[in-house]
Every structure is written in structure tokens, then in C-alpha cells.
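The values are calculated or read from the model by the stated rules, or taken from the named source; none is laboratory data. This structure is a prediction, so every number in the text was calculated from the model and none was measured. For neighbour counting, all protein chains shown are included, and Cβ atoms are generated from backbone atoms with ideal geometry for every residue, glycine included.
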Amino acid sequence: MSNTICAIATAAGEGALSVVRISGEEAVAVAERVFALFGGKKVAEMAGYSCAYGRVMDGDERIDDAVLTIFRAPHSYTGEDSAEISCHGGTYVTERIFRLCCANGARPAERGEFTKLALINGKLSLTQAEAVADMIAAQGELTMKAAGLARQGRLAQRIDGMKHRLTVLLGKIAAWVDYPDEETPEVTEELLMSELSEVIGEARELSESYDTGILLKKGIPAAIIGKPNVGKSTLMNLLLGYDRAIVTSKAGTTRDIIEESVRVGDVVLRLADTAGMRKTEDEVEQIGVELAKKRLSESALLIAVFDGSARPDDDDRRLTQEIRGSAAAGGVKVLALINKSDISDAGYVSEYEQMLDGLTTIGISAKVGDGQRELEQTIEKMYLGGGSEDGVLFVNERQKYCLDRALSFLEDAQGGVALGVTFDAIGVEISDAAEALAELTGERITDSVVDEVFSKFCVGK
Ligand code: GDP
């Protein structure tokens with residue numbers, strides 16, 4: 001079977017241009033057989049990173065006018081000789097050129113085979129290869145950014161950093177255990193504990209980024225809660241940028257759960273405006289309250305709204321207790337808004353602030369728009385860790401699995417230190433953790449891992 005592969009690299013469908021990609025020892029030869037350069041030049045003589053205009057020919061039949069780009073090993077995506085034919089888009093022409101290349105010495109590539117070659121030839125690490133698939137699948141700016149960082153190797157760097165610390169620690173332990181009488185620096189329980197807890201902290205943070213990544217990809221289920229008339233619908237409209245929820249000054253107007261996707265900076269919220277959460281005799285309104293409760297329990301972000309122009313009452317205090325409870329239980333982030341800052345009473349506002357002490361609280365006017373920017377920035381910060389570039393790194397399922405394995409070895413090691421287990425036994429746990437991290441970056445990589453990673457790819461990448 002030929003080891004020169006070929007695929008249509010662009011998406012199927014109509015478009016102005018398409019690209020047929022060839023990679024392997026025979027790539028330039030295959031291109032030579034199907035491509036006639038204008039001006040009588042020879043494909044075989046083209047330098048790497050050069051392109052030329054010409055014709056795709058099937059024997060004497062002219063199929064398309066196209067541009068051929070040549071890449072010479074190792075300076076190509078796969079690290080092998082490669083050629084790309086940019087032809088006119090459209091399914092028929094593109095497929096015809098693809099089949100023509102296959103008839104002239106190439107074979108159809110498998111899913112992700114180009115990237116797999118890049119991995120094998122050391123052009124990409126495993127996490128970078130995975131990032132390529134994530135970039136293709138990215139739906140939004142943020143997932144794109146995260147994949148972009150991983151593609152640049154930022155994730156691999158962080159993992160390598162952790163692994164390095166563990167290796168240094170292992171070295172110290174080994175020296176201490178093997179040559180206790182020599183002038184080796186002493187390994188103390190404190191040193192082990194502090195090193196282990198730092199690496200554990202970092203591993204945990206990365207492992208948790210998986211959930212944030214999922215949330216950000218799908219949108220964060222969020223709910224605006226608060227008693228009637230505090231300005232929930234007005235806030236929803238402010239965030240949506242148009243009048244969607246019905247706003248009236250009669251209490252209890254919003255009876256259905258309205259859910260809309262709102263982009264708050266880099267974060268997408270799936271925002272529900274819940275019906276007034278007060279006790280009611282009205283049957284229809286009661287249904288709204290039940291729905292609101294259900295949606296509430298599924299929310300990852302609760303935005304509690306209070307009316308800064310009225311004194312806090314028992315309903316407000318109850319709501320405050322509820323959100324404190326949710327925040328303490330974990331898994332839910334909570335944000336308190338003191339609304340109506342345009343007509344609020346300074347005395348009431350400070351009562352609210354006291355009541356909400358310790359919770360993230362912002363004063364806004366949903367009607368006028370004051371505080372909107374601060375609200376958006378706060379939400380972004382909650383999910384992106386202050387907008388630091390590393391804050392947008394997310395791990396995927398496979399990577400999380402490796403991290404969690406490393407974590408469990410490290411926690412065992414930590415537990416062992418606390419129990420006074422011998423240092424060489426601790427060393428075994430640390431070394432297992434380092435192995436798990438090595439698997440994450442692809443240093444210790446099994447065929448099944450590679451197959452799993454590349455099964456998610458499209459052909460041509
Ligand atoms: P909901 O029942 O919590 O959804 O409250 P609405 O959004 O329906 O608002 C109730 C009333 O408060 C409406 O008359 C709004 O115009 C008014 N309102 C909401 N936000 C503000 C605000 O920031 N400032 C002022 N002055 N009025 C507001």
C-alpha cells in the first residue's frame with residue numbers, strides 16, 4: 001500500500017475554492033503526474049514553500065486551472081514532502097482531482113492521518129494534535145482561543161512543569177534513600193507535603209477546567225432570580241439587548257421560563273428569567289413558580305436581583321439565605337445585584353450590602369444600563385479566571401482522565417507522608433503520577449490512545 005496519502009482538506013459543499021492535500025514520499029511525484037505548470041516548468045524542481053499556477057490534467061483532459069503549493073520535508077505540517085492543489089470549489093471538480101491523485105500513486109487518507117503523521121514525525125505533541133481537532137470543532141471565540149493555546153503547546157508546557165517538579169522530587173528522594181550518609185540535601189516531610197500539595201493544586205485546577213470547558217462550549221445555564229418587581233425582566237432585556245420579556249410594573253407578570261443565549265464578553269449564558277419566586281394562590285402563577293424551581297436547580301450561575309429602592313424584607317433575606325446555601329454547597333456560582341441604582345436609597349443599599357456580605361455583589365440599574373460593564377466583567381472573571389491567558393485552557397476528557405489518575409496517586413502519596421510511610425514507597429506513588437502525566441502529553445502513548453484521539457478527526461486533517 002502506498003505511504004503517500006491524499007484527501008480533500010476543505011469541507012464538502014459548494015465554495016469558491018477547495019484544497020486537495022497530498023503527503024508522503026511520493027507527494028511531489030504524484031503532483032507532477034497530475035499537474036502541468038504553465039511556462040513548461042517542472043513540479044519536481046519546485047522549491048519548498050513555493051506555489052505555481054497550472055492545470056490539473058487527467059492524461060490529455062484538462063480538469064481545472066489551479067494553484068499548486070509544494071512543501072519539502074521536514075518543513076510541512078506532516079513533516080513529510082507535501083503538495084496542496086487549490087482548485088475551484090464544488091464537489092465534482094474536487095472529487096475528480098482527489099480520485100485522480102489516488103489513481104496516480106496516492107491512497108485515500110484515514111481520519112486525522114495528516115495530524116497523526118505530524119505527531120509521529122514530532123511536529124506536534126499529543127495535546128497539540130488534540131487541539132487541532134478542537135479548533136476545527138470550535139463553535140465560539142472562546143473554545144477557539146482555548147484550542148489555540150493548547151495548539152501552541154501551552155497545556156503541554158504546564159503538564160511538563162508539573163512533571164518536572166515530580167521528577168526533581170523523585171531524584172531527591174532517591175538520593176536520600178540510597179545515600180543517607182552522603183551530603184545529600186535532607187528530604188523532609190514538610191518538603192514533600194508542600195511540593196505535593198502545590199502539584200495537586202495545579203492538577204486539580206486543570207482537571208476542573210474540564211467542567212468549565214463543557215459549560216463554556218454549551219453555554220452556562222444561568223437563572224435570574226428575585227422576588228417580583230425587582231427588575232429581573234428588565235435585566236434580561238438589558239443583557240439581550242432588546243425587549244424580549246414582558247416588563248410591567250404589576251407584580252408577577254413573568255409566568256413562563258424564557259431561556260435565551262446571551263453572550264457576555266467571551267462567555268455564553270443560557271439565561272432563564274424565572275417567574276416571581278413568591279408564594280402565590282394563583283394557579284397559573286404557581287406553575288411558573290414550580291418551573292422556576294426546577295430550572296433553578298439546574299443552573300450553574302444564579303443571578304439574584306434585589307431592589308435598591310426599597311428596604312430589604314423577609315423575602316430578600318430568605319433569598320439571601322438560599323443563595324448562600326447554594327454557593328456553599330458548591331457547583332453553583334452566585335452573583336447578587338442591587339438593582340435600580342438610578343433611584344436607589346443609600347441607606348437601603350448599605351442594608352443590602354450588609355445582608356449580602358461575603359457574596360459577589362454589584363450595584364446596577366437594569367433600566368438605565370449603569371453597571372452593565374462591571375456585571376459582564378465579573379461574569380467573565382468568574383469563568384475565565386480574570387482573563388489571564390492560561391485561564392482559557394481547558395482539558396478534554398482523555399486529558400482529564402490522566403490528570404485524575406495523577407491526582408489520585410499524588411493524594412495517596414500525601415496521605416502516605418502524613419501516615420509516616422517510608423519515602424521509597426512514597427516515591428512509587430509519585431512516579432506513577434508522573435507516568436500518568438507523561439501519558440497526558442503523549443510521551444508514553446499507546447496505540448489505543450492514538451486511535452482514540454484520531455477517531456474524532458475529519459479526513460484531510
Ligand atoms: P421583575 O418582576 O423582577 O421581572 O421586574 P421587571 O423587570 O418587570 O421590573 C419591574 C419594574 O421596575 C418595571 O416598571 C421596571 O421598569 C422597573 N425597573 C426595573 N429595573 C429598574 C431600574 O434599574 N431602575 C428603575 N428606576 N426602574 C427599574
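Some points to look at:
- Of the residues making up the stretch 271-293, none is crowded, with 17+ Cβ neighbours inside 10 Å, of a type in the set (Lys, Arg) and either at pLDDT below 90 or touching an Asp or Glu at 6+ places or on another chain (Cβ under 8 Å) (or both).
Yes/no matrix, rows are residues, columns are (1) within 16 Å of the ligand (Cβ to nearest atom); (2) outside any loop (DSSP other than H, G, I, E, B); (3) touching a strand residue (DSSP E or B) at 6+ places or on another chain (Cβ under 6 Å):
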{"site": "337", "(1), (2), (3)": "yes, yes, yes"}
{"site": "342", "(1), (2), (3)": "yes, no, no"}
{"site": "362", "(1), (2), (3)": "yes, yes, yes"}
{"site": "381", "(1), (2), (3)": "no, yes, no"}
{"site": "395", "(1), (2), (3)": "no, no, no"}
{"site": "404", "(1), (2), (3)": "no, yes, no"}
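- Verdict on residue 183 being farther than 20 Å from residue 431 by Cα and modelled with pLDDT under 85: yes
- Any hit, the stretch 351-360, residues being within 30 Å of the chain's Cα centre (by Cα) and loosely packed, with under 14 Cβ neighbours inside 10 Å: yes
- Hits in the stretch 90-125 - residues which are part of a helix (DSSP H, G or I) and touching a helix residue (DSSP H, G or I) at 6+ places or on another chain (Cβ under 6 Å): 100, 101, 115, 116, 119
- Enumeration of residues in the stretch 11-36 that are assigned to a loop (DSSP other than H, G, I, E, B) and buried (at least 20 other Cβ atoms within 10 Å of the Cβ): 24, 26
- Per-region count, the stretch 189-243, residues away from the ligand (no atom under 16 Å from the Cβ) and either at pLDDT below 85 or within 30 Å of residue 344 (Cβ to Cβ) (or both): 14
- The selection criterion, being surrounded by fewer than 19 Cβ atoms within 10 Å (Cβ to Cβ), under 20 Å from residue 169 (Cα atoms) and not hydrophobic (A, V, I, L, M, F, W, C), does not hold for residue 416.
- Residue 99 farther than 28 Å from residue 210 by Cβ, of a type in the set (Lys, Arg) and out of contact with any strand residue (DSSP E or B) (no Cβ under 8 Å at 6 or more places or on another chain): yes
- Any hit, the stretch 312-323, residues being at pLDDT 90 or above, within 15 Å of the ligand (Cβ to nearest atom), surrounded by fewer than 17 Cβ atoms within 10 Å (Cβ to Cβ) and farther than 25 Å from residue 378 by Cβ: yes
- For the stretch 344-360, filtering for residues that are touching a strand residue (DSSP E or B) at 6+ places or on another chain (Cβ under 9 Å) and within 16 Å of the ligand (Cβ to nearest atom) leaves 4.
- Hey, residue 127 crowded, with 23+ Cβ neighbours inside 10 Å, among the hydroxyl-bearing types (Ser, Thr, Tyr) and closer than 30 Å to residue 56 by Cα or not: no
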